[in-house]
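The values are calculated or read from the model by the stated rules, or taken from the named source; none is laboratory data. Note that the structure is a prediction, hence the values are computed from the model and not measured. Here the Cβ positions follow ideal geometry from the backbone for every residue, glycine too, while neighbour counts run over all protein chains shown. Please note that ligands, DNA and RNA were not included when accessible areas were found on the heavy atoms of the full protein model with its side chains. Shrake-Rupley method; radii C 1.70, N 1.55, O 1.52, S 1.80 Å.
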Amino acid sequence: MKVKPDLSFWKLWNISFGFFGVQIAYALQSANISRIFSTLGADPHNLSYFWILPPLAGIIVQPIVGAASDKTWTRFGRRIPYLFIGSLVAVLVMCLLPNAGSFGMAVSTAMIFGLVSLMFLDTSINMAMQPFKMMVGDMVNEKQKGLAYSIQSFLCNAGSLVGYLFPFIFAWIGISNTAPQGVIPDSVIYSFYIGAAILIFCVIYTSIKVKEMPPAEYAEYHGITEEEEHEKTNMLKLLIKAPKAFWTVGLVQFFCWFAFMFMWTYTNGSIAANAFDAPTVKHLVDGVTKVVLDTKSLQYQNAADWVGVLFAVQAIGSVLWAICIPMFKDRRRVYSLSLVLGGIGFISTYFMHDPYMLFISFLLIGCAWAAMLALPFTILTNALSGGHMGTYLGLFNGTICIPQIIAAALGGTILALFTPKGALPPEINMLVLAGIMLIIGAACVYLIKENQGEKSK
(Lines give C-alpha, C1' and ligand atoms only; values in the text may rest on other atoms or scores of the structure.)
Protein backbone atom coordinates (compact mmCIF):
# COMPACT_ATOMS: atom_id res chain seq x y z
CA MET A 1 0.00 0.00 0.00
CA LYS A 2 1.48 3.32 -1.08
CA VAL A 3 1.81 6.11 1.47
CA LYS A 4 -0.24 9.19 0.63
CA PRO A 5 1.97 12.22 -0.11
CA ASP A 6 2.09 15.30 2.10
CA LEU A 7 -0.35 18.03 1.05
CA SER A 8 0.30 21.76 1.21
CA PHE A 9 -1.41 23.78 3.90
CA TRP A 10 -3.77 25.36 1.37
CA LYS A 11 -4.82 21.98 -0.04
CA LEU A 12 -5.66 20.88 3.49
CA TRP A 13 -7.49 24.19 3.95
CA ASN A 14 -9.53 23.77 0.75
CA ILE A 15 -10.63 20.25 1.71
CA SER A 16 -12.32 21.65 4.80
CA PHE A 17 -13.25 25.20 3.75
CA GLY A 18 -16.87 24.31 3.00
CA PHE A 19 -17.15 23.30 6.65
CA PHE A 20 -17.23 27.03 7.46
CA GLY A 21 -20.58 27.46 5.71
CA VAL A 22 -22.02 24.19 6.96
CA GLN A 23 -21.14 25.10 10.54
CA ILE A 24 -22.85 28.49 10.24
CA ALA A 25 -26.04 26.58 9.46
CA TYR A 26 -25.42 24.17 12.35
CA ALA A 27 -24.72 27.04 14.77
CA LEU A 28 -27.95 28.82 13.80
CA GLN A 29 -29.83 25.59 14.42
CA SER A 30 -28.11 24.86 17.75
CA ALA A 31 -28.54 28.35 19.20
CA ASN A 32 -32.05 29.11 17.98
CA ILE A 33 -34.15 25.93 17.83
CA SER A 34 -35.17 26.01 21.51
CA ARG A 35 -35.85 29.73 21.11
CA ILE A 36 -38.01 29.09 18.03
CA PHE A 37 -40.08 26.34 19.63
CA SER A 38 -40.42 28.24 22.92
CA THR A 39 -41.65 31.25 20.94
CA LEU A 40 -44.15 29.02 19.14
CA GLY A 41 -45.46 27.96 22.57
CA ALA A 42 -43.60 24.79 23.62
CA ASP A 43 -43.67 23.76 27.31
CA PRO A 44 -40.12 23.72 28.79
CA HIS A 45 -40.74 20.16 30.07
CA ASN A 46 -41.46 19.05 26.49
CA LEU A 47 -38.70 21.09 24.86
CA SER A 48 -36.19 18.25 24.68
CA TYR A 49 -38.65 16.06 22.75
CA PHE A 50 -38.39 18.39 19.76
CA TRP A 51 -34.73 17.32 19.48
CA ILE A 52 -35.38 13.57 19.12
CA LEU A 53 -36.20 13.39 15.41
CA PRO A 54 -33.01 15.08 14.08
CA PRO A 55 -30.49 12.60 15.56
CA LEU A 56 -32.91 9.76 14.86
CA ALA A 57 -32.87 10.72 11.18
CA GLY A 58 -29.09 11.13 11.36
CA ILE A 59 -28.45 7.66 12.73
CA ILE A 60 -30.37 6.21 9.77
CA VAL A 61 -29.09 8.51 7.03
CA GLN A 62 -25.39 8.78 7.91
CA PRO A 63 -24.41 5.09 7.53
CA ILE A 64 -26.37 4.97 4.26
CA VAL A 65 -24.58 8.06 2.93
CA GLY A 66 -21.23 6.68 4.09
CA ALA A 67 -21.76 3.28 2.48
CA ALA A 68 -23.18 4.80 -0.73
CA SER A 69 -20.32 7.29 -1.09
CA ASP A 70 -17.78 4.47 -0.64
CA LYS A 71 -19.19 2.99 -3.87
CA THR A 72 -19.81 6.28 -5.71
CA TRP A 73 -17.51 7.54 -8.46
CA THR A 74 -18.57 10.52 -10.60
CA ARG A 75 -16.81 13.24 -12.53
CA PHE A 76 -17.38 15.45 -9.46
CA GLY A 77 -15.84 12.96 -7.01
CA ARG A 78 -17.18 10.40 -4.53
CA ARG A 79 -18.02 12.50 -1.44
CA ILE A 80 -18.72 15.90 -3.02
CA PRO A 81 -22.05 14.92 -4.68
CA TYR A 82 -23.47 14.10 -1.25
CA LEU A 83 -22.06 17.34 0.14
CA PHE A 84 -23.82 19.27 -2.61
CA ILE A 85 -27.20 17.54 -2.23
CA GLY A 86 -27.16 17.93 1.56
CA SER A 87 -26.31 21.62 1.28
CA LEU A 88 -29.07 22.36 -1.23
CA VAL A 89 -31.70 20.77 1.03
CA ALA A 90 -30.29 22.65 4.04
CA VAL A 91 -30.51 25.99 2.19
CA LEU A 92 -34.16 25.36 1.29
CA VAL A 93 -35.11 24.40 4.85
CA MET A 94 -33.19 27.36 6.35
CA CYS A 95 -35.47 29.66 4.38
CA LEU A 96 -38.61 27.90 5.67
CA LEU A 97 -37.95 26.92 9.31
CA PRO A 98 -37.78 30.40 10.94
CA ASN A 99 -41.06 31.30 9.24
CA ALA A 100 -42.95 28.53 11.07
CA GLY A 101 -44.97 31.11 13.01
CA SER A 102 -45.51 33.49 10.07
CA PHE A 103 -47.77 31.43 7.80
CA GLY A 104 -50.98 31.94 9.80
CA MET A 105 -51.05 28.33 11.01
CA ALA A 106 -52.54 27.20 14.31
CA VAL A 107 -50.01 26.65 17.12
CA SER A 108 -50.13 22.85 16.81
CA THR A 109 -49.74 23.01 13.02
CA ALA A 110 -46.83 25.46 13.32
CA MET A 111 -45.16 23.08 15.80
CA ILE A 112 -45.49 20.14 13.41
CA PHE A 113 -44.21 22.25 10.50
CA GLY A 114 -41.24 23.38 12.61
CA LEU A 115 -40.53 19.84 13.78
CA VAL A 116 -40.51 18.38 10.26
CA SER A 117 -38.36 21.30 9.07
CA LEU A 118 -35.92 20.70 11.94
CA MET A 119 -35.65 17.01 11.04
CA PHE A 120 -34.81 17.84 7.42
CA LEU A 121 -32.42 20.62 8.44
CA ASP A 122 -30.43 18.48 10.85
CA THR A 123 -30.33 15.53 8.44
CA SER A 124 -29.22 17.68 5.49
CA ILE A 125 -26.59 19.51 7.57
CA ASN A 126 -25.17 16.17 8.71
CA MET A 127 -25.26 14.90 5.13
CA ALA A 128 -23.26 17.98 4.09
CA MET A 129 -20.92 17.80 7.09
CA GLN A 130 -19.92 14.14 6.94
CA PRO A 131 -18.15 14.28 3.53
CA PHE A 132 -15.54 16.69 4.95
CA LYS A 133 -14.52 14.15 7.61
CA MET A 134 -14.49 11.42 4.94
CA MET A 135 -12.35 13.46 2.53
CA VAL A 136 -9.70 13.96 5.22
CA GLY A 137 -9.67 10.20 5.80
CA ASP A 138 -9.49 9.59 2.03
CA MET A 139 -6.86 12.13 1.00
CA VAL A 140 -4.63 12.92 4.00
CA ASN A 141 -1.84 10.72 5.33
CA GLU A 142 -1.63 9.75 8.99
CA LYS A 143 1.14 12.24 9.71
CA GLN A 144 -1.00 15.19 8.58
CA LYS A 145 -4.40 14.07 9.87
CA GLY A 146 -3.93 15.88 13.17
CA LEU A 147 -3.24 19.13 11.30
CA ALA A 148 -6.09 18.51 8.85
CA TYR A 149 -8.65 17.97 11.60
CA SER A 150 -7.27 20.98 13.49
CA ILE A 151 -7.88 23.12 10.38
CA GLN A 152 -11.36 21.62 10.18
CA SER A 153 -11.90 22.41 13.85
CA PHE A 154 -10.76 26.02 13.29
CA LEU A 155 -13.12 26.52 10.33
CA CYS A 156 -15.90 24.80 12.23
CA ASN A 157 -15.52 27.17 15.18
CA ALA A 158 -15.11 30.22 12.95
CA GLY A 159 -18.40 29.30 11.27
CA SER A 160 -20.00 28.78 14.67
CA LEU A 161 -18.80 32.21 15.77
CA VAL A 162 -20.46 33.87 12.78
CA GLY A 163 -23.70 31.88 13.08
CA TYR A 164 -24.06 32.46 16.80
CA LEU A 165 -23.54 36.23 16.50
CA PHE A 166 -25.90 36.90 13.57
CA PRO A 167 -29.11 37.46 15.62
CA PHE A 168 -27.26 39.64 18.16
CA ILE A 169 -25.66 41.76 15.41
CA PHE A 170 -28.91 42.15 13.49
CA ALA A 171 -30.73 43.26 16.66
CA TRP A 172 -27.87 45.68 17.42
CA ILE A 173 -28.16 47.37 14.00
CA GLY A 174 -31.88 47.89 14.49
CA ILE A 175 -33.63 44.84 13.01
CA SER A 176 -36.64 43.92 15.16
CA ASN A 177 -35.80 41.54 18.00
CA THR A 178 -39.39 41.07 19.17
CA ALA A 179 -42.51 39.88 17.39
CA PRO A 180 -46.17 39.08 18.14
CA GLN A 181 -46.92 35.95 20.17
CA GLY A 182 -45.95 32.82 18.23
CA VAL A 183 -43.98 34.68 15.54
CA ILE A 184 -40.16 34.47 15.22
CA PRO A 185 -38.38 37.88 15.32
CA ASP A 186 -36.91 39.26 12.08
CA SER A 187 -33.40 39.24 13.61
CA VAL A 188 -33.57 35.42 13.67
CA ILE A 189 -35.26 35.04 10.28
CA TYR A 190 -32.67 37.20 8.48
CA SER A 191 -29.86 35.30 10.22
CA PHE A 192 -31.07 32.06 8.63
CA TYR A 193 -31.34 33.73 5.20
CA ILE A 194 -27.77 35.09 5.29
CA GLY A 195 -26.46 31.79 6.67
CA ALA A 196 -28.06 29.92 3.76
CA ALA A 197 -26.37 32.24 1.23
CA ILE A 198 -22.93 31.76 2.83
CA LEU A 199 -23.43 27.99 2.96
CA ILE A 200 -24.05 27.64 -0.76
CA PHE A 201 -21.06 29.88 -1.58
CA CYS A 202 -18.68 27.80 0.58
CA VAL A 203 -19.89 24.51 -0.88
CA ILE A 204 -19.40 25.78 -4.45
CA TYR A 205 -15.86 26.89 -3.51
CA THR A 206 -14.96 23.44 -2.13
CA SER A 207 -16.53 21.69 -5.13
CA ILE A 208 -14.36 23.74 -7.51
CA LYS A 209 -11.11 23.58 -5.55
CA VAL A 210 -11.01 19.96 -4.34
CA LYS A 211 -10.29 17.10 -6.71
CA GLU A 212 -10.85 13.71 -5.13
CA MET A 213 -8.71 10.69 -6.04
CA PRO A 214 -9.91 8.63 -9.02
CA PRO A 215 -10.82 4.99 -8.20
CA ALA A 216 -7.54 3.37 -9.24
CA GLU A 217 -5.42 5.88 -7.31
CA TYR A 218 -7.67 5.60 -4.25
CA ALA A 219 -7.35 1.79 -4.26
CA GLU A 220 -3.58 2.06 -4.58
CA TYR A 221 -3.23 4.38 -1.55
CA HIS A 222 -5.71 2.45 0.60
CA GLY A 223 -4.56 -1.09 -0.18
CA ILE A 224 -7.86 -2.15 -1.74
CA THR A 225 -7.79 -5.29 -3.88
CA GLU A 226 -10.15 -5.80 -6.83
CA GLU A 227 -12.06 -8.38 -4.79
CA GLU A 228 -12.54 -5.93 -1.90
CA GLU A 229 -13.60 -3.21 -4.32
CA HIS A 230 -16.59 -5.26 -5.47
CA GLU A 231 -17.37 -6.68 -2.04
CA LYS A 232 -20.87 -5.87 -0.79
CA THR A 233 -21.03 -3.84 2.41
CA ASN A 234 -22.42 -5.68 5.41
CA MET A 235 -22.72 -3.10 8.18
CA LEU A 236 -23.19 -5.65 10.95
CA LYS A 237 -20.07 -7.51 9.82
CA LEU A 238 -18.13 -4.23 9.70
CA LEU A 239 -19.24 -3.37 13.22
CA ILE A 240 -18.05 -6.76 14.46
CA LYS A 241 -14.67 -6.18 12.79
CA ALA A 242 -14.41 -2.56 14.00
CA PRO A 243 -11.19 -1.70 15.85
CA LYS A 244 -11.39 -1.27 19.63
CA ALA A 245 -10.88 2.48 19.18
CA PHE A 246 -14.30 2.63 17.51
CA TRP A 247 -15.99 1.42 20.70
CA THR A 248 -13.86 3.12 23.35
CA VAL A 249 -13.98 6.51 21.64
CA GLY A 250 -17.70 5.89 21.12
CA LEU A 251 -18.16 5.48 24.89
CA VAL A 252 -16.53 8.88 25.50
CA GLN A 253 -18.69 10.34 22.74
CA PHE A 254 -21.82 9.14 24.55
CA PHE A 255 -21.20 11.32 27.61
CA CYS A 256 -19.99 14.29 25.54
CA TRP A 257 -22.95 14.49 23.18
CA PHE A 258 -25.42 13.79 26.00
CA ALA A 259 -24.02 16.88 27.72
CA PHE A 260 -24.13 19.13 24.67
CA MET A 261 -27.70 18.12 23.84
CA PHE A 262 -28.68 19.50 27.26
CA MET A 263 -26.73 22.68 26.50
CA TRP A 264 -28.54 23.29 23.20
CA THR A 265 -31.92 22.50 24.75
CA TYR A 266 -31.77 24.36 28.05
CA THR A 267 -29.30 27.24 27.78
CA ASN A 268 -31.92 29.74 26.57
CA GLY A 269 -34.21 29.16 29.55
CA SER A 270 -31.29 28.92 31.98
CA ILE A 271 -29.74 32.25 30.98
CA ALA A 272 -33.09 34.05 30.71
CA ALA A 273 -34.04 33.06 34.28
CA ASN A 274 -30.60 33.06 35.92
CA ALA A 275 -28.98 36.16 34.41
CA PHE A 276 -31.72 38.28 32.77
CA ASP A 277 -34.61 37.94 35.25
CA ALA A 278 -37.08 37.25 32.45
CA PRO A 279 -40.70 37.58 33.64
CA THR A 280 -42.94 34.55 33.99
CA VAL A 281 -46.53 33.80 33.02
CA LYS A 282 -48.98 31.11 34.10
CA HIS A 283 -50.35 28.68 31.51
CA LEU A 284 -53.16 26.21 32.01
CA VAL A 285 -52.11 22.93 30.36
CA ASP A 286 -54.34 19.81 30.67
CA GLY A 287 -56.01 21.29 33.74
CA VAL A 288 -52.65 22.02 35.42
CA THR A 289 -51.36 25.56 35.95
CA LYS A 290 -47.68 25.82 34.94
CA VAL A 291 -45.27 28.70 35.46
CA VAL A 292 -43.13 29.37 32.37
CA LEU A 293 -40.94 32.17 31.07
CA ASP A 294 -42.68 34.86 29.03
CA THR A 295 -41.08 34.17 25.65
CA LYS A 296 -42.48 37.32 24.03
CA SER A 297 -40.87 39.56 26.67
CA LEU A 298 -37.90 41.73 25.74
CA GLN A 299 -35.85 40.18 28.56
CA TYR A 300 -36.32 36.69 27.15
CA GLN A 301 -35.46 37.71 23.59
CA ASN A 302 -32.42 39.69 24.79
CA ALA A 303 -31.32 36.62 26.76
CA ALA A 304 -31.78 34.49 23.64
CA ASP A 305 -29.53 36.88 21.69
CA TRP A 306 -27.01 36.74 24.54
CA VAL A 307 -26.99 32.95 24.28
CA GLY A 308 -25.74 33.47 20.72
CA VAL A 309 -22.95 35.66 22.12
CA LEU A 310 -22.11 33.02 24.73
CA PHE A 311 -21.98 30.32 22.08
CA ALA A 312 -19.70 32.63 20.09
CA VAL A 313 -17.45 32.94 23.15
CA GLN A 314 -17.48 29.13 23.28
CA ALA A 315 -16.35 29.08 19.65
CA ILE A 316 -13.51 31.52 20.45
CA GLY A 317 -12.47 29.28 23.33
CA SER A 318 -12.54 26.32 20.94
CA VAL A 319 -10.34 28.09 18.38
CA LEU A 320 -7.78 29.05 21.01
CA TRP A 321 -7.77 25.59 22.59
CA ALA A 322 -7.58 23.88 19.18
CA ILE A 323 -4.26 25.69 18.67
CA CYS A 324 -3.00 24.23 21.96
CA ILE A 325 -4.16 20.64 21.41
CA PRO A 326 -1.39 19.67 18.90
CA MET A 327 1.21 20.82 21.47
CA PHE A 328 0.32 17.84 23.67
CA LYS A 329 2.06 14.62 22.69
CA ASP A 330 -0.35 12.47 24.71
CA ARG A 331 -3.74 12.64 22.96
CA ARG A 332 -5.55 10.94 25.81
CA ARG A 333 -4.26 13.42 28.35
CA VAL A 334 -5.33 16.49 26.38
CA TYR A 335 -8.67 14.83 25.49
CA SER A 336 -9.43 14.14 29.17
CA LEU A 337 -8.21 17.57 30.32
CA SER A 338 -10.40 19.28 27.71
CA LEU A 339 -13.52 17.47 28.89
CA VAL A 340 -12.80 18.26 32.55
CA LEU A 341 -12.43 21.95 31.72
CA GLY A 342 -15.72 21.83 29.82
CA GLY A 343 -17.40 20.10 32.76
CA ILE A 344 -16.21 22.83 35.12
CA GLY A 345 -17.56 25.41 32.67
CA PHE A 346 -21.03 23.86 32.65
CA ILE A 347 -21.20 23.52 36.44
CA SER A 348 -20.02 27.12 36.95
CA THR A 349 -23.06 28.50 35.06
CA TYR A 350 -25.12 27.74 38.17
CA PHE A 351 -23.20 30.40 40.11
CA MET A 352 -22.98 33.04 37.36
CA HIS A 353 -25.74 35.67 37.53
CA ASP A 354 -23.83 38.38 35.64
CA PRO A 355 -24.15 37.91 31.85
CA TYR A 356 -20.49 38.88 31.33
CA MET A 357 -19.18 36.45 33.97
CA LEU A 358 -20.72 33.68 31.87
CA PHE A 359 -17.93 34.32 29.35
CA ILE A 360 -15.61 32.37 31.68
CA SER A 361 -17.99 29.40 31.73
CA PHE A 362 -18.35 29.25 27.97
CA LEU A 363 -14.65 29.70 27.26
CA LEU A 364 -14.10 26.54 29.33
CA ILE A 365 -16.94 24.74 27.54
CA GLY A 366 -15.16 25.65 24.29
CA CYS A 367 -12.17 23.55 25.37
CA ALA A 368 -14.35 20.43 25.44
CA TRP A 369 -15.92 21.29 22.09
CA ALA A 370 -12.51 21.72 20.42
CA ALA A 371 -11.41 18.26 21.59
CA MET A 372 -14.73 16.67 20.53
CA LEU A 373 -14.36 18.03 17.00
CA ALA A 374 -10.79 16.95 16.37
CA LEU A 375 -9.57 14.09 18.53
CA PRO A 376 -12.21 11.35 18.05
CA PHE A 377 -11.86 11.43 14.26
CA THR A 378 -8.06 11.59 14.38
CA ILE A 379 -7.95 8.52 16.64
CA LEU A 380 -10.57 6.61 14.65
CA THR A 381 -9.33 7.26 11.10
CA ASN A 382 -5.79 6.33 12.15
CA ALA A 383 -7.23 2.95 13.17
CA LEU A 384 -9.01 2.43 9.83
CA SER A 385 -7.87 1.51 6.34
CA GLY A 386 -9.39 -0.02 3.24
CA GLY A 387 -12.46 0.85 1.20
CA HIS A 388 -15.02 1.23 4.00
CA MET A 389 -13.85 4.54 5.48
CA GLY A 390 -17.13 6.30 4.68
CA THR A 391 -19.24 3.45 6.05
CA TYR A 392 -17.31 3.37 9.31
CA LEU A 393 -17.56 7.13 9.73
CA GLY A 394 -21.28 6.92 8.99
CA LEU A 395 -21.67 4.20 11.62
CA PHE A 396 -19.52 6.21 14.03
CA ASN A 397 -22.08 8.98 13.70
CA GLY A 398 -24.25 6.71 15.84
CA THR A 399 -22.01 7.59 18.79
CA ILE A 400 -23.14 11.19 18.23
CA CYS A 401 -26.82 10.52 17.50
CA ILE A 402 -27.67 7.87 20.11
CA PRO A 403 -26.68 9.96 23.16
CA GLN A 404 -28.61 12.92 21.74
CA ILE A 405 -31.72 10.75 21.30
CA ILE A 406 -31.44 9.42 24.86
CA ALA A 407 -30.81 12.90 26.30
CA ALA A 408 -33.77 14.32 24.38
CA ALA A 409 -36.06 11.47 25.46
CA LEU A 410 -35.10 11.76 29.14
CA GLY A 411 -34.67 15.54 29.34
CA GLY A 412 -38.26 16.41 30.21
CA THR A 413 -38.49 13.69 32.87
CA ILE A 414 -35.20 14.74 34.47
CA LEU A 415 -36.23 18.41 34.46
CA ALA A 416 -39.54 17.50 36.12
CA LEU A 417 -37.60 15.86 38.98
CA PHE A 418 -35.94 19.22 39.67
CA THR A 419 -39.21 21.20 39.42
CA PRO A 420 -41.35 21.78 42.54
CA LYS A 421 -45.11 21.78 41.86
CA GLY A 422 -46.26 25.12 40.45
CA ALA A 423 -42.71 26.53 40.20
CA LEU A 424 -40.62 27.72 37.26
CA PRO A 425 -38.55 24.81 35.85
CA PRO A 426 -34.92 25.28 37.03
CA GLU A 427 -33.34 24.61 33.63
CA ILE A 428 -29.92 25.68 34.98
CA ASN A 429 -29.77 22.32 36.81
CA MET A 430 -29.65 20.60 33.44
CA LEU A 431 -26.42 22.45 32.61
CA VAL A 432 -24.91 21.28 35.90
CA LEU A 433 -25.86 17.72 34.96
CA ALA A 434 -24.21 18.29 31.56
CA GLY A 435 -20.99 19.20 33.38
CA ILE A 436 -21.11 15.99 35.41
CA MET A 437 -21.56 13.96 32.21
CA LEU A 438 -18.46 15.57 30.65
CA ILE A 439 -16.36 14.74 33.70
CA ILE A 440 -17.50 11.08 33.49
CA GLY A 441 -16.53 11.16 29.80
CA ALA A 442 -13.09 12.49 30.78
CA ALA A 443 -12.55 9.45 33.01
CA CYS A 444 -13.59 7.11 30.18
CA VAL A 445 -10.91 8.58 27.88
CA TYR A 446 -8.31 6.42 29.59
CA LEU A 447 -10.03 3.30 28.27
CA ILE A 448 -8.90 4.29 24.75
CA LYS A 449 -5.85 2.40 23.50
CA GLU A 450 -4.33 3.84 20.34
CA ASN A 451 -2.75 1.03 18.38
CA GLN A 452 -1.46 1.95 14.98
CA GLY A 453 -0.98 -1.72 14.18
CA GLU A 454 -4.65 -2.52 14.72
CA LYS A 455 -6.51 -1.47 11.59
CA SER A 456 -9.84 -2.53 10.21
CA LYS A 457 -10.85 -2.91 6.64
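Table for the structure above
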quantity	calculated
Subset of K11/K143; K71/K133; K4/K449; K329/K449; K2/K449; K4/K237 violating a 19 Å alpha-carbon distance limit	K4/K449; K2/K449; K4/K237
Sparsely packed trypsin sites (Lys or Arg not before Pro) within the stretch 281-334, loop by DSSP, other Cβ within 10 Å at most 12	K329
Positive-end residue of F262, A443, T289, charge dipole of the stretch 242-456 with Cβ unit charges	A443
Residues T289 and S176, FRET efficiency given R0 of 22 Å [Cβ-Cβ distance, rounded to 0.05]	0.10
Pair I360, L298: separation of 7 Å Cα→Cβ label points (nm)	3.0
Angle between the chain longest axis and helix 331-348 axis [Cα atoms, degrees, rounded to 10]	10
Ranked packing of 14-26, 151-163, 76-88, most packed first, by mean Cβ within 10 Å	14-26, 151-163, 76-88
Share of carbon and sulfur in the accessible heavy-atom surface of the stretch 275-353 [1.4 Å probe, %]	63
Net charge of Cβ neighbours under 10 Å - reference I448; Lys, Arg +1; Asp, Glu -1	+3
Candidate residues H388, H283: accessible-area rank, largest first, probe 1.4 Å	H283, H388
Where labels lie 7 Å past Cα in the beta-carbon direction, separation of Y193 and K241 in nm	5.2
Check: the stretch 1-222 dipole with +1 on Lys, Arg Cβ and -1 on Asp, Glu Cβ, in debye	520
Net charge contributed by nearby residues that have their C-beta within less than 15 Å of N32 (K/R +1, D/E -1)	-2
1.4 Å probe accessible area per residue over the chain, in Å²	39
Extension gain (nm, one decimal) between Y205 and T74, 0.36 nm per residue minus Cα-Cα	45.4 nm
Contour minus Cα-Cα distance for K11 and I60 (0.36 nm per residue)	14.5 nm
Charge dipole magnitude, Cβ of K and R +1, D and E -1 - the chain, Cα centre, debye nearest 20	660
Residue-averaged 222 nm ellipticity for the chain, from DSSP H runs of 4+ at -39500 (n - 2.57), nearest 500	-24000 deg cm²/dmol
Helix 80-96 vs. the chain, principal-axis angle (Cα, 0 to 90°, nearest 10)	10
Per residue Cα convex hull volume in Å³ - calculated over the stretch 82-222	116
Angle between the chain longest axis and helix 398-418 axis [Cα atoms, degrees, rounded to 10]	20
Added length on full extension, which subtracts the Cα-Cα distance from 0.36 nm per residue, K329 to Y350	4.2 nm
Solvent-accessible area of T74 with every protein chain in place, 1.4 Å probe, in Å² to the nearest 10	70
Cα gyration tensor shape of the stretch 281-378, rounded if a/c is under 1.5, else prolate or oblate by comparing a/b with b/c	prolate
In order through the stretch 421-430: 3J(HN,Hα) via Karplus (6.51 cos²θ - 1.76 cosθ + 1.60), integer Hz, x for Gly, Pro	4, x, 9, 5, x, x, 4, 4, 5, 5
